[in-house]
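The values are calculated or read from the model by the stated rules, or taken from the named source; none is laboratory data. Note that this is a predicted model, so its numbers are computed, not measured. We place every Cβ from the backbone using ideal geometry, glycine too, and count neighbours over all the protein chains shown. Surface areas here come from the heavy atoms of the whole protein model, side chains and all, with no ligands, DNA or RNA. Shrake-Rupley method; radii C 1.70, N 1.55, O 1.52, S 1.80 Å.
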Amino acid sequence: WDRRAVCDAPVVVVGQGGVGKTWASLAWIMANLEALPIVITIPAGSVTAATSATAEGLLRLIGERLATVTGARDTEHWSSRIKRILARPEDEGPSLCILFDGINQNDRVPWLPIMALLQDRPFAGVARSIVTTRPQHFERQLSRMRSLVEVPEVTTVERFDVSPGGELDEMLAAHRLSREDLHPDLIEYARIPRLFDLVVRLRDRLTDAGRVTTHRLLWEYGRDAQGVRSGSSFSEAEWQEWLGTIARNERDGLRN
C-alpha cells in the first residue's frame, strides 16, 4: 500500500480453491480500514460480459455496485459521485480502493483491459486495486498481467501451515482438538480452510483409510444437511436411495 501501489501497481492475491483468498483480503482491509479510502468490493460474478473497458464503463460498474450495496439512489447518481471523488488532487492520496474478487470465475469480462484502465485517467494515482484469482488463471489467461504499465505485486495464500503450533494446530485448538483427534488421511483436508469445519464436524465418520476424499466429505455433509431439511436422519442406505431417486428424476427430465 505504501510502496508499489503508489505507482498504480495492483495487488493480485493468488491461491487454490478454498484456501481463503477472499477471507485474507477482507481481513487485511478490515485491519487497515482506518487508513484506507472508500473501499468497494466487486464479486466477479456480478460483472456482466457487457461491461466495457472504458472509463465510463468502469464508472458505471462501480455505480451499479454502490446502488446495490446501499439500496439507495440509482447507478447514474453513484457513477457521478465516484467521478467527482476521483477528481481529487493526487497529492491528497488515494480516494478509492476496489477489490475484484474471484475473477477466475468469470472469463467473459475483459479483466486485463480493465486493470490497464485503472492505471490511466481518471483512475491513475487516486484509485488502487486488489484482485483475487487462482494461480492457473493468473499464469495462463492473464499472463501474470505483464502487459500492464506497472506489473502487479503478487501475494500468495496457502493452506493452513502445519508447523508445530502453526495455523492448523491453532485452528484445532480453538475446537479443543489436536491432530491426534483426526484420522491421518484427514490432515491434508483440514488444511483447506473451506473444508476445515466439515472435517471437524464429520471426523468420527471418516476413519477408514483410503476412503477420505473431498467427495466423501461432501457426501457426508449432504446426508446431514438434507436430513435437517426433511426433519429426519438418513441412514447410509436411505441416503443412497434418496440420491438415486434424484439422479433418476434428473435423467428422466425433472419437472418440479
Which numbered condition trips up Ala49, out of (1) out of contact with any Lys or Arg (no Cβ under 9 Å at 6 or more places or on another chain); (2) open to solvent by 30 Å² or more (accessible area, probe 1.4 Å)? (1)
Residue under question is Ile114, and the condition is that it be under 14 Å from Thr41 (Cα atoms) and of a type in the set (Val, Ile, Thr); does it hold? no
State which residue is surrounded by the most Cβ atoms within 10 Å (Cβ to Cβ) when the search covers only segment 227-241 and only residues that are out of contact with any Ser or Thr (no Cβ under 9 Å at 6 or more places or on another chain), of a type outside the set (Asp, Glu) and part of a helix (DSSP H, G or I). Trp239
List pairs: first residue in segment 103-132 and closer than 22 Å to Glu92 by Cα, second residue hydrophobic (A, V, I, L, M, F, W, C) and in a helix (DSSP H, G or I) anywhere in the structure, Cβ distance under 6 angstrom, at least six positions apart or on different chains. Leu117/Leu58; Arg128/Ala5
Would you confirm whether any residue within segment 96-104 is out of contact with any Gly (no Cβ under 9 Å at 6 or more places or on another chain), surrounded by fewer than 16 Cβ atoms within 10 Å (Cβ to Cβ) and either modelled with pLDDT of 95 or more or not basic (Lys, Arg) (or both)? no
Here are some conditions: (1) open to solvent by 20 Å² or more (accessible area, probe 1.4 Å); (2) in contact with a strand residue (DSSP E or B) (Cβ under 8 Å, 6 or more places away or on another chain); (3) of a type in the set (Gly, Ala, Ser). Ser25 meets all but one. Which one does it not meet? (1)
Test of understanding: among Val199, Val154, Val131, Val126, which residue is over 30 Å from Pro110 (Cβ atoms) and hydrophobic (A, V, I, L, M, F, W, C)? Val199
